[in-house]
Structures are given as structure tokens and as C-alpha cells.
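Report on the structure given below.
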Amino acid sequence: EETAPKYTAAEKLYNEGKKEDSNKKLRKALRLLEQIEPEFRGKPQGERLVFLLGDTYYQLGDYYNAPFQFERFLQLYPTSQKAEEASYKSAASYFYRSPRYNLDQTDTRKAIEELQVYLNKYPEGEFNEDANKMATELLIKLEKKAYEIAKQYHHTEFYKAAIASFNNFIADYPGSPFREAAYYYRFDSAYKLAINSFEVLMEERLLESKEFYESYKKYYPEGEYIPQLEDSLLEIDKRLQNF
Amino acid sequence: QDLPLGDSKKYTIGDIKVTGTTTYNEKTVIAYTGLKEGEEIFIPGEKLRDVINKLWKLDLFSDINFYITNVEGNVADLELEIKEVPVLNQVKFSGIKKKSEREDLIDENDLKPGVKVTENLITTTQNYIQNKYKKEGYLNTQVDIRTSEVVDTTNSNKINMVVDIDQGDRVKIADIDFIGNEKLSNAKLKRNMKNTKQKNLFRFWKRSKFVRSDYQDDKTSIIDKYKEEGYRDARIISDSLIKVDEDDVALKIQLEEGNRYYIGNIDFLGNAAYSDEQLARVLGLEKGDVYNGVLIDERIQAREPNKTSVANIYQNNGYLFSNIDLVETNVYNDTIDFEVRIVEGKEAYFDEIRVTGNDKTKDHVIYRELRTKPGQKYSQEAVVATVRELGALGFFDAEQLNPEFVDPDPREGTLSLEYQVVEAGASQIELQGGYGGGGFIGTLGLSFNNFSIQGLFDKEAYKPIPMGDGQTLSLRAQASTFYQTYSLSFREPWLGGKRPVSLSTSFSYTRQFLFDYINREADKSRSFDILGVSVGLAKRLTDPDQYVTVSNVVGFQRYNLNNYNTGLFTFGNGHSNNLYYQLGITRDNTAFNPIFPTQGSKFAFTAKFTPPYSLWNGVDYGNLENLDEYQLRDDNGNLINEQGNRVTAENSVADQEKVDQKKYNWLEFYKIKLDGSWYETLASFGPSSNLVLRTHAEFGVLGAYNNERGVPPFERFYLGGDGLGAYSLDGRETIQLRGYPNQSVVPLDRPVDQRDDGAVIYNKYSLELRFPITLKPAASIYALSFLEAGATYDNFRDYNPFQLNRSAGVGLRIFMPTFGLLGIDFGYGFDEIVGQPGPNGWETHFIIGQQF
């Protein structure tokens, strides 16, 4: 068989490429692997080949083909020794695919899901620390997205939409670094909505904004937005005297 | 994980054997099952079941069995018996001659060598072929498929397939016969059968073939026709297909028409949000009207956004979960009472609004266009409007915009909405080379419609160019042997992100050398260049209504002439600066198709001003000609006259070039324009065939603050012809007046040497009748006829709005998204133009890219 020497060559190129961080060698290895992989399907070497194929894509930064191969690998050889690594690298590929926060986050959600699968399956896994770090980073990205969208409603003066979005944000993302700001902008939206209201609606809205003030104070008694809040509160109380 | 099933026992796998396979390696099969020697499994058990399922899914085997061949202690030897599905070796057709037809059938049924021949494949192929011929009118087609094993030495499990097709004859409908119809004529009923037609001498384009599914639809449309006329009970009692001869069939349809019904009392039940009167107005039907079942249904249930219906007013005002039923409560004689039963449900509010699929365009660019906001009441109209707005951005594929309801909750009265978008290419590159105007002309144009200027400083944003902030950047360079022009423009549609305030900036530079057409050379020592910069802000107002846009532009242009005496300007050496401010107010509520508006109006008011320098610069422009330094002199500084002879100081003449250079070094003028068009549908012959009248009037005036300085020769109006923005070096405005040559309509009493100059006042009126030929998105075509009149004047003293150059004619417009607007007009000018006594006569105009 003439595939055997190709297999050896591919493995050699892969190992060297990975060690020397040489994309050139990895690309060569990839070409060989793609070529011989179908011929080893169902044979004992097939297991290693599929993993190598996935990992070569991964090393080359092709985060679209890598998870595809790793997922295939996990399906074909769920009990393989390399299953843990494949599971992690597949999830990590989605992590690297995840775009900046203000674009579509489908890959981010997929990455979080995959990382969670990995962490559940291998609670003591060797990539545990990285996986946790990645998941946290992605979660913060989703939080930033939701926060910025809500803040845009505030900025464009759609205050009702802003209040609704900040309510959702506060309910969906406990422990977010944007939480304090969300509490503040929720208050500010309600406050601005109130003071720009018709007379008949104003009292109710002023009272609602006061409630938001209270909840900010409850969670962040020493918060950075306190000075602005107190200023607005004075205005609210002044206006409330009219009713 | 393996789990035991029933009373199973745990075994250790000893030996695994595969039998029955011919094409697969035994090891391959075992590896595929994932079973290993020495592995512990339950028999029977989950694991074995999974293995069998996995093998079945391959679609490669027609039978799969596991056997235990030997048991020693708890070690079991397994045998996997599989039977492979035969594969196709060759397919032959009999009964059809055309090669292409055979190939189509092979493709459509995937009958390629190597395909697994299952029972399913044979049956579906047979049905497919039969149906295919039926659709073409061959009702008697017989298809028979036979298979035979290929006998060869390798025992390869292959079979051959023979498909016998007996097409039979194509069947036509010789006659359609209705029985029992008195109220509606045969002809009327036949007209309502859209796809089933009787054979007719005049029907040679479309066959009168018989297709069963079409026929079923046509039966429904006959009944619908009856319903429209009030025959609520009309039904088809029986219909039969009679074979007349080999090729012909006849249809016999027996009808029962029933009585004609009228509307009795209409009651509304369960409506709290809208009063009975409000709903009755939407319904628009009254007691005594003919009971038009189709219309009643539409007025109650129609969900198409442009239709008036009870369902729609609920859907557009928050009642997503509303449910409306029509119930006939009483039928007496020929009158039907009915009830509109409404379950309003809880008002629905949007919870979350999401956008997915935007892998280039940033959230804030999309969210600012969304008409649906969290916490807002649900409205079908708002969703439809949002989809339209997103499509209009041009960043997404308008065909694939998909708003999807997520978790609608009738009890809480909430729903979330996800807009799924697909990014479309929003950049254009124009690269041209050509030969014309005496030399090679090269053009490079780049236009990025979803640019991100913020991304310029972000290394990660280059993919390959920074995109996603919804800005527009265009660059264009054109060069030939004698001129070069460069331009750059940038537009941010939402400056500051708070409101749609658009900021536009542009920069352009043109340099032109005098071209010697005889020697085909550019004279680089004689040139003319123009530098232009402008910054504008435009804002769409909310008061008095959302159709009004106000724009402000500050611009600067510098004209520089270097020994460039071509008659374009009054001086050949020198420069001219044009610093201006322009205010524009437009109101546009034309609807619905921007290419073919059928209603609404469009107004534009523009005012352009330069600073009134003469107020403070202290120059006595009227006296310039008398000043010593503005007298005509020769190269040695001696006073001369126009003939070049030396003269004394008393007889000296003014140097007009110098005077003009002084007068126009900084242009001083104001320009005001008014423009209005009204669109009115005169008659409607269907949803997209309206006869539309466009009434249009415009007026413009260019004036000077200081009469001694005068109106500059720039920025003037040129009336006549196709009105296309010709070669406008001097800021001129060309105005369309069909039936006359381009830029030919100048005041008749002008001195001969000024006849090429533009005018300072113009007015124009036109009436245009338009009728669409097609308004498909791929190409919109409409025909038009027009009456026009216009005139230009040199000053208000001569102004006479009734002394006009009139014309009439016809034309055609074609709009294709890829080419823009193309058109041709034939116009007849009834009046004379300068230098040509008598009516001007016929003119042909080609219109390119002008849109209104």
C-alpha cells in the first residue's frame, strides 16, 4: 500500500509543524491528511487520522473546519483517549469564532454551550482552567451586547424600551460587571420619561423612577452614580410636591 | 453507556464475525459498530440496539442480524449477519426516444450507477414518472420497472434496471359542459377556470390539457365565483371525465346553484376594545347587501398588511392572540343573519427584540431602524414596516429578511421577536478604461455602502475593509490625456446616534488642460482647475409631519484659469471663488412605489446664498471701468483700444477681462428655487395598473445683492432638452423641457453674442399621464404622454409667466435595478427658439439615470 508512507510523512509534518509553529509544514500535513483520511476510514489508524485532521485545522486557525472534524471524531470514537482534548478544542474553536459583541452572537452561544458540555463531562479535565476563562469571557460579551442595546434605547430617548430592556438585563444577568450601570440607566430612563410626561402621567412615573432609585441604593449604597442619582431625586421630590 | 433490556445478561465479547458482506472489509464493519473484543455488554441491551440502528441508518443493508454463536462462561462469540442492498449497474429506458429526456429522468430520480436499489427507490421512480407525464396531459401513461441481477465472476451484487414507459396519447379537453347553471352563464364559469380550458382554435399558445390538481383548484374557483354573487349554497353535485376518443376527453360538471342570499343582521360579540360601530365600519357591509361570502371572509379574516379587515385592526393594535370567527346564526327566506364572534385575548407586548445573522453590520446600526421596541404594544404593521426599513438599508438581502415570533405567551401577553437577516454585499467597484474624447480615459470608482470610519483605526476591523457602521464612502478617480478628476465623499446617516441626522462631506478636484484637437495633444501650459469642498447636515423632522427633511450645506468652490480662453468664462486668466450656504426644505409623501408613485406630492424649496461681500468691501463696482488700473493696455503698459492701437487717456477703453476678474473673484449671488409635483391616480384597472397624472411646476431665480456688481455668469439656468446634468463646469443647472434642443430655450430678444449664456429666471409647468406596462421588481416599465411649457427671462421686468415655449409628446421609461432609469421621449415643440423661426418641431430625447 502506498498510503502508509504518506501517513508517516503527514504525521511527521504535523509534529514538526506543531513544535516549530510552522504554518507551512502544517499546511503540507493538512494536504496529505485530507488526501489519505478517506482511505483509512474504518481502519485502526483512522482514529488518529481524524484527530490529527481536526487538530491541524485547529493549529492553522481554521475554526470552521476544526470543530467539524472534532465533532466527527467524537461521534466515531466517543471512547477515545483523545476525546477530552477533541471536546475542548471543538468548543475552543467556537470561542475563537465568536465575533465582537455588536455582531451576531450565534457562535458565542454555541461556544458557551460546548464549553459547558466539556466542563460537565470532565470536571477535573486538564483544560478546565482555560475553558472556564473562555466561558466567562463569552458570557461578559453577551452581557455587554444586551447592555449596549438597552443603553442605545436610552441614548435615542426611547425610555420605555430602555426600561423594559434594563429590566430584562437585570433579570437575565445577575453578577454582571454592567449591572450597576444598568440599575443607574434604568433609573435615569424612568426619570427622564417622567419629567417629560404629560401632567396626568407624571406622578405615577415619578414614583416609579423613585422605586428604581431605591433599588439602586439598596444594591450599591456607595455606587459611583450616587451624585447624579441624588440630583435627580431632588428634582423628583420637588415635582412630587405639585401633586 | 450500556443498559440491560428485560432479562438480559452481561457478557464479555469474545470473537466477532461478519457474514454476508461482499463489498466491505470485515474489519471495517466491526470498527464501524464500535464493538471490541473483551468489551462487556448486555445481551439483549441498549448497546446492541444502538449498533443495529446505526447500521440501518447507513441505508446500505436490507437485513441486519446479531447471533450468539458460542458461549463459554460469560464470554460470548458474536456473528453479525448483514445482507447488502444491491447496487445499480445500468438503467435502460424503453418507450422514450429523446436522449435529453432520458438524462432528465436519470437526474431527477438519481438513477446513477452505484446507487442502492431499494424497494422505495423503485416505487418512487415509478410514481414520479407517471406524475410527470400526467402534468403534461398524458393521462394514460403506464410505467413498469423490472430489475435483473448482473451475473459476473466477482459476484458483485449488482443489478440492471429496465424502465418501460408507455406514454399513451396526450389528452385534450374537447368540451366542458355545465348542467344546472341558470344564474351564471357557461362562458362566465369557463372564464373562472383558470387552468382547465376547452380546446379552441384560438388557443394554440397554451394547451388545453387536463391536469387533475389544476382542475381541483378550478372547481374551487367556480364555487368561489358563486359565493361572490351571493349563492352561498352553490356546489358541484358531480363531475365526470368522459373519454371522447383516444386524444380527447370531455368534462361534465353538474351544479346546484341554490338561492341567492342577502345579508341580514350583523352582530358583534366579545368586542371590548372596539365598539360595534367601529367594527361595522371596517366590515363595510350592510343589511340588504348581497351575501358575498368571499368578501365577508376577507373583511373579517384577511391578514395581508394592506387589506382592511377586522383581524387586521386587532393585529395592528396589540391583539396578537385575538381570534375572530364568523357564525351564521339565522337563515330565513333569502336572508342570513350572522355574528362576528371575537375573542380578543390579552394585549401582547414585545419583550425582547433580537437580531441575528448580522456578521458585518453592527447592532446599533440595525436597532436604530427597528420600529418594534421592547415594552411596546404588538403591531403587525410595525413588524411589516420594520422589515421594509431593513430592506431599504441595502445591507441585507431583502428577500431573506425574516421576522420570527419567539415564545408568544397568551397568558402573560408577551412575545419576543427575532429579525433574521442575511448580509448582502454592499460595496461596488467600478473600473473602466475606454477611448474617447481624443484619448484614453480610465476610471476607478470604489463605493462602500456600509463603511465604518471608526474601524479605520482598528486593526481587527479590516476584513478586508472596515465595515458595519452604515456609513457610505465613495472614491472616484478619472483620468485621460487632458483631464483628471478626483472625488471623495463620505456620509454618516446618524450623526451622534441619537436622531437620523445625516452628515455628508465631499471633496473634489478637477484639472483640465486645453486640448488641441488637431494635433491630439494636451497643452499643459494652459489649464483650468476646480476645487470643491462641501459639508452638509440633513435632518428628517417629526413636526409638522414625518415627510419633511431640512438640509444645510456649506460649500466652497475655487475655479482657477491659467491662460484658458475658451469662451466659457469672460476672462481667461484668473480665479473665482464660490463660498455658499444652501438651505433645502423638502416634503415628500409620494407613495407607494418610488419608481411609479400613484399618490402624494413632493415639494422642494432651496435657497443658496453667498456672503454679500460688496456691503463691506468698499469697492465701487459701477465705476471700475473708469479707473486707471482697469484700462486696456499692451504689454508695455501703454493704453490701447480693442484694435490694439495706442490711444490717449481720454479715449481709453476698459479691459473687460480685468473688470470681470475683479467682479467675480468672489461670487456674490442668491438663488431660490421652488419645485412641486403632485401625483394622482385617475383610474385604476387593478392592483398595479393605475393611470396616474403627474402635475409639476418649478420656478427659479438667480439674483445679485449689488446690481452694479451684477449676476455672475455662474450658477445659471439652462432650459430645454432632456435636462441631464451635462458638463457643468460653472455650476449651471439644466432643466428639462422636452420638444426643444438641449439648453436652447433662451429669451428671444437677447443680443446675439449672449445667446449661449444661461438665464437668471425660469419657470416650467408640465402635465404627464403615466400608465404602467409592468411593475415587476426586475424591471418596471411605463408609458407616458406629456404637455409641457417653460420659459427663461433675463430680469423681472421681462417676466411673463404666460409667454411660454410649449410642447407635447409621448415616451417610455424602463427602470431596472442594475441599470437605473432608461427612457426615450418624442416631443413636439410648438414655439420658436432663438435663431429658428416657426415651431421647433420634433425632438427625440434619451433619458438616462434621472429619477423622479
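The values are calculated or read from the model by the stated rules, or taken from the named source; none is laboratory data. What you see is a predicted model, and the numbers here were worked out from it, not measured in a lab. Methodologically, a virtual Cβ is constructed for each residue, glycine included, from the backbone with ideal geometry; neighbour enumeration extends over all protein chains shown. Surface accessibility is based on the protein's heavy atoms, side chains included, excluding ligands, DNA and RNA. Shrake-Rupley method; radii C 1.70, N 1.55, O 1.52, S 1.80 Å.
Restricting attention to the range A:96-142, the residues being more than 26 Å from B:K362 (Cβ to Cβ), hydroxyl-bearing (S, T, Y) and assigned to a helix (DSSP H, G or I) number 1. Residue count for the range B:626-656, restricted to those that are under 30 Å from B:Y613 (Cα atoms) and touching a strand residue (DSSP E or B) at 6+ places or on another chain (Cβ under 8 Å): 9. Within the range B:473-493, the set of residues being open to solvent by 40 Å² or more (accessible area, probe 1.4 Å) and of a type in the set (V, I, T) comprises B:T481 only. Right, A:S215: within 14 Å of another protein chain (Cβ to nearest Cβ) and small (G, A, S) or not? Criteria not met by A:S215.
I'd like to know if the range B:776-783 contains one or more residues that are over 17 Å from B:G721 (Cβ atoms), open to solvent by less than 50 Å² (accessible area, probe 1.4 Å) and touching a Lys or Arg at 6+ places or on another chain (Cβ under 6 Å). Yes, the conditions are met somewhere in the range B:776-783.
Tell me, please, whether a residue that is part of a strand (DSSP E or B), closer than 27 Å to A:P99 by Cβ and open to solvent by 70 Å² or more (accessible area, probe 1.4 Å) can be found in the range B:440-460. Looking for residues that are part of a strand (DSSP E or B), closer than 27 Å to A:P99 by Cβ and open to solvent by 70 Å² or more (accessible area, probe 1.4 Å), one finds none in the range B:440-460, hence no.
Of everything in the range B:357-415 that is over 23 Å from A:P99 (Cβ atoms) and either in contact with a His (Cβ under 6 Å, 6 or more places away or on another chain) or basic (K, R) (or both), the residue that is nearest to the other protein chains (Cβ to nearest Cβ) is B:K373. Residues in the range B:260-307 that are of a type in the set (S, T, Y) and assigned to a loop (DSSP other than H, G, I, E, B): B:Y261, B:Y274, B:S275, B:Y291.
Being open to solvent by 50 Å² or more (accessible area, probe 1.4 Å) and within 14 Å of chain A (Cβ to nearest Cβ) narrows it down to one of B:R354, B:R299, so name that one. On inspection, the qualifying residue turns out to be B:R354.
Residue-by-condition table, conditions (1) touching a strand residue (DSSP E or B) at 6+ places or on another chain (Cβ under 8 Å); (2) open to solvent by less than 40 Å² (accessible area, probe 1.4 Å); (3) among the acidic types (D, E):
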residue	(1), (2), (3)
B:E81	yes, no, yes
B:L105	yes, yes, no
B:V117	yes, yes, no
B:Q130	yes, no, no
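The condition of being polar (S, T, N, Q) and assigned to a strand (DSSP E or B) holds for only one of B:N623, B:N617, B:N552, that being B:N552. Quick check on B:L495: is it touching a residue at least 12 places away in the same chain (Cβ under 8 Å) and more than 30 Å from A:A150 (Cβ to Cβ)? No.
Residue check: B:T586 meets all listed conditions (1) open to solvent by 60 Å² or more (accessible area, probe 1.4 Å); (2) hydroxyl-bearing (S, T, Y); (3) without any contact (Cβ under 8 Å) to a residue 60 or more places away in the chain but one, namely (1). If you filter the range B:222-232 down to residues that are under 14 Å from B:I263 (Cα atoms) and open to solvent by 30 Å² or more (accessible area, probe 1.4 Å), you find that the one that is farthest from the chain's Cα centre (by Cα) is B:R232. When the residues of the range A:101-131 are filtered to those that are under 21 Å from B:D359 (Cα atoms) and open to solvent by 80 Å² or more (accessible area, probe 1.4 Å), which remaining residue is nearest to the other protein chains (Cβ to nearest Cβ)? So the residue we want is A:R109.
Only one entry of A:S197, A:S189, A:S232, A:S176 meets the criterion of being buried (at least 17 other Cβ atoms within 10 Å of the Cβ) and outside any helix (DSSP H, G or I), and that entry is A:S176.
Scanning the range A:153-161 finds no residues that are away from chain B (no Cβ under 14 Å), outside any helix (DSSP H, G or I) and surrounded by fewer than 23 Cβ atoms within 10 Å (Cβ to Cβ).
Answer yes or no as to whether A:A135 is among the small types (G, A, S) and either open to solvent by 30 Å² or more (accessible area, probe 1.4 Å) or away from chain B (no Cβ under 12 Å) (or both). Yes: the conditions hold for A:A135. Going by what's in this entry, would A:F169 be described as under 30 Å from A:E235 (Cα atoms), out of contact with any Asp or Glu (no Cβ under 9 Å at 6 or more places or on another chain) and either among the hydrophobic types (A, V, I, L, M, F, W, C) or open to solvent by 20 Å² or more (accessible area, probe 1.4 Å) (or both)? For A:F169, the condition - under 30 Å from A:E235 (Cα atoms), out of contact with any Asp or Glu (no Cβ under 9 Å at 6 or more places or on another chain) and either among the hydrophobic types (A, V, I, L, M, F, W, C) or open to solvent by 20 Å² or more (accessible area, probe 1.4 Å) (or both) - is not met. In the set (1) open to solvent by less than 50 Å² (accessible area, probe 1.4 Å); (2) more than 13 Å from every other protein chain (Cβ to nearest Cβ); (3) within 30 Å of B:Y24 (Cα to Cα), the condition left unmet by A:R31 is number (1). Scanning the range B:242-263 for residues that are within 12 Å of B:K183 (Cβ to Cβ) and open to solvent by 70 Å² or more (accessible area, probe 1.4 Å) yields B:E256, B:N259, B:R260. Here is a check on your reading of the model: is B:N706 without any contact (Cβ under 8 Å) to a residue 60 or more places away in the chain and closer than 30 Å to B:G622 by Cβ? Considered against the rule, which asks whether it is without any contact (Cβ under 8 Å) to a residue 60 or more places away in the chain and closer than 30 Å to B:G622 by Cβ, B:N706 comes out as no. Consider A:A4 carefully, then state whether it is in a helix (DSSP H, G or I), open to solvent by less than 70 Å² (accessible area, probe 1.4 Å) and modelled with pLDDT of 90 or more. Judged against the criteria, A:A4 is not a match.
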